[in-house]
Amino acid sequence: MARREPDWRIVSADDAFLTPGHSLISRLRRELVGEVVPALHRDYSPDFMMTLLTTAALHLRDSVLRSTDGTPIVVDSYFYKILAKCRLSGTDEHPLYDWWRTFPRPRRVLYLEVSPETAWHRCGAGRDLNPLEYYGEKKDRMAFESYQSDLHKTLREEIEPLPVTTLAEAGRGQAFRVAQDIREAVADACR
């Protein structure tokens, strides 16, 4: 998408989109996934986890706020997915949520629906999962699908008051169709 739309700004907390000046976000995510989440409720509190996740939410918010030239901005998950994952970790209400919900609202949310089968395939049948993508200790398909189902519901609750365009997943080799759907939705939102 970034190559086909060079005038758009793609913002994400994922390594592929972070500039070298934002490598701290990457390091904090690795520590969160590798050390904090596996020991959540034992060595680390949900508040501690949420504090680390706030760095990613703020990175996304700050990136949006820095873009004042009218360039279309596509933000991967914004803070909604982070908030939903925190809620699923057992903290349904928290003062941070109220603050996050004051962040600039998107003109439109593009929600890509992905089947459990596709999601399971993308994570290498569980091999590439991190602890914020499944329930419990065991990386099996049932724990993954149960978590993903709850994540879907929780995300939908968070984005309900926003204008949402739901995009169907593409079949194998049809990523261009989803990219085209995204381009059309962003163009429509910018009108």
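Determine which member of the set LEU112, LEU132, LEU52, LEU60 is closer than 27 Å to ALA175 by Cβ and at pLDDT 90 or above.
On inspection, the qualifying residue turns out to be LEU60.
Tell me the residue from ASP14, ASP43, ASP7 that is at pLDDT below 85 and at negative phi, please.
Selected residue: ASP7, the only one of ASP14, ASP43, ASP7 that is at pLDDT below 85 and at negative phi.
Just to be sure before I move on: is GLU133 surrounded by fewer than 16 Cβ atoms within 10 Å (Cβ to Cβ) and either over 17 Å from the mean Cα position of the chain (by Cα) or outside any helix (DSSP H, G or I) (or both) in the structure I sent?
No.
Can you tell me which residue is modelled with the highest pLDDT among those in region 164-191 that are surrounded by 13 or more Cβ atoms within 10 Å (Cβ to Cβ) and in a loop (DSSP other than H, G, I, E, B)?
Taking the candidates together, the pick is GLU169.
Checking SER67 against (1) touching a Phe, Trp or Tyr at 6+ places or on another chain (Cβ under 7 Å); (2) among the small types (Gly, Ala, Ser); (3) under 17 Å from SER12 (Cβ atoms), only one condition comes out false. Which one?
(1)
Results for (1) at positive phi; (2) buried (at least 18 other Cβ atoms within 10 Å of the Cβ), shown as yes or no for each residue.
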residue: ALA57; (1), (2): no, yes
residue: LEU60; (1), (2): no, yes
residue: TYR78; (1), (2): yes, yes
residue: LEU88; (1), (2): no, no
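What are the pairs with Cβ atoms under 7 angstrom where one residue, in region 91-102, is under 18 Å from LEU155 (Cβ atoms) and the other, located anywhere, is among the small types (Gly, Ala, Ser) and surrounded by 15 or more Cβ atoms within 10 Å (Cβ to Cβ)? Sequence gap at least six, or different chains.
Once the first residue is under 18 Å from LEU155 (Cβ atoms) and sits in region 91-102, its partners that are among the small types (Gly, Ala, Ser) and surrounded by 15 or more Cβ atoms within 10 Å (Cβ to Cβ) give TRP100/ALA57.
Starting from region 110-138, take each residue that is in contact (Cβ under 8 Å) with a residue 60 or more places away in the chain and list its partners that are surrounded by 11 or more Cβ atoms within 10 Å (Cβ to Cβ) and part of a loop (DSSP other than H, G, I, E, B), counting only C-beta distances under 7 angstrom and pairs at least six apart or across chains.
LEU112/GLU169
Of (1) in a helix (DSSP H, G or I); (2) over 19 Å from TYR78 (Cα atoms); (3) out of contact with any helix residue (DSSP H, G or I) (no Cβ under 6 Å at 6 or more places or on another chain), GLU145 satisfies all except one. Which?
Tallying (1) in a helix (DSSP H, G or I); (2) over 19 Å from TYR78 (Cα atoms); (3) out of contact with any helix residue (DSSP H, G or I) (no Cβ under 6 Å at 6 or more places or on another chain), GLU145 fails exactly one: (3).
The values are calculated or read from the model by the stated rules, or taken from the named source; none is laboratory data. For clarity, every value in this text was computed on a predicted model and none was experimentally measured. Reconstructed Cβ throughout: ideal geometry from the backbone, glycine too, with neighbour counts over all protein chains shown.
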